[in-house]
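Enquirer: The structure is given below, and queries will be raised subsequently.
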Amino acid sequence: MNKYGKIACAGLMLLGIGSAMADDDYHHSRTKLKVFAPAEGDVAGVASTGFLVDLAVEFPGDLASTGASLELTGGGVHANAPPFPGTFSPGANKDHFPGLVVLLSSTRIGAGPGHNLSNLFNIISVTNRTPTSTEIWATWIIGAKNAFGVEGVLTSSELVVTVVEGTAPDVVQDMNGDGKFDNKDLVLMGHKPLTRAKKVEFVVNGL
């Protein structure tokens, strides 16, 4: 192989490495994300409702740097009610956890699988503060039937959670056309992910 062929091969190798890293390596901070529920392979809920999404994010900074604040909310009379009022609808949680992105592949409401569901979270709390970090805990119990599964059947779903700098989009677009919604798409939309995306495959129990 001549030197031009070697240069071409090296270029292709670098492109391949960049492609392989692109999904979840767009993180540039020490932000740590943990998903506690659902767990991989869980069969969660009753009649397509009553399952839980529970997660924590540890940020390398003070509370102000997280953009998060306390929230206790829900549908109906629970929305915007004391002691920690917050809005409650699909989309980004702009007022209490602006950088959070939560997606479910089985979403049947709004814009479907790309719709950010973080503004449906019931609880945003501050669970640990140290001189160098702040942990934000977020919990959502799903109360609407047939929104993310189908009553009477078992529905496979994939949870995708990530955190971006600033305010997350209400809807993640499939920018690269690969049929997935992830950090690649967020970067192409102009957002900066702060952590690797966590992905959990589980089943929404409609029985």
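The values are calculated or read from the model by the stated rules, or taken from the named source; none is laboratory data. None of the values given here were measured: they were computed from a predicted structure. Only protein heavy atoms, including side chains, enter the accessible area calculation; ligands, DNA and RNA are left aside. Shrake-Rupley method; radii C 1.70, N 1.55, O 1.52, S 1.80 Å.
Enquirer: Are there strands (runs of 3 or more DSSP E) fully within region 52-145 with at least 1 residues that are within 19 Å of GLU201 (Cα to Cα), open to solvent by less than 10 Å² (accessible area, probe 1.4 Å) and β-branched (Val, Ile, Thr)? List them.
Expert: Working: elements: 52-59, 100-104, 123-129, 134-141.
In region 52-145, the matching strands (runs of 3 or more DSSP E) lie at 52-59, 100-104.
Enquirer: For residues that are open to solvent by less than 40 Å² (accessible area, probe 1.4 Å) and not in a loop (DSSP other than H, G, I, E, B), scanning just region 146-170, find the one that is farthest from PHE59 (Cα to Cα).
Expert: Taking region 146-170 as the starting set, the residues that turn out to be open to solvent by less than 40 Å² (accessible area, probe 1.4 Å) are 147-149, 155, 157, 159-164, 168-169.
Okay, now just the ones that are also not in a loop (DSSP other than H, G, I, E, B), so 155, 157, 159-164.
Numbers: THR155: 33, SER157: 28, LEU159: 21, VAL160: 19, VAL161: 15, THR162: 13, VAL163: 10, VAL164: 12 Å.
Checked region 146-170; the qualifying residue farthest from PHE59 (Cα to Cα) is THR155.
Enquirer: Also: Applying the selection to region 177-207, what residues are part of a helix (DSSP H, G or I) and among the polar types (S, T, N, Q)?
Expert: To start, the set of residues in region 177-207 that are part of a helix (DSSP H, G or I) comprises 183-188.
Within region 177-207, just ASN183 meets the criteria.
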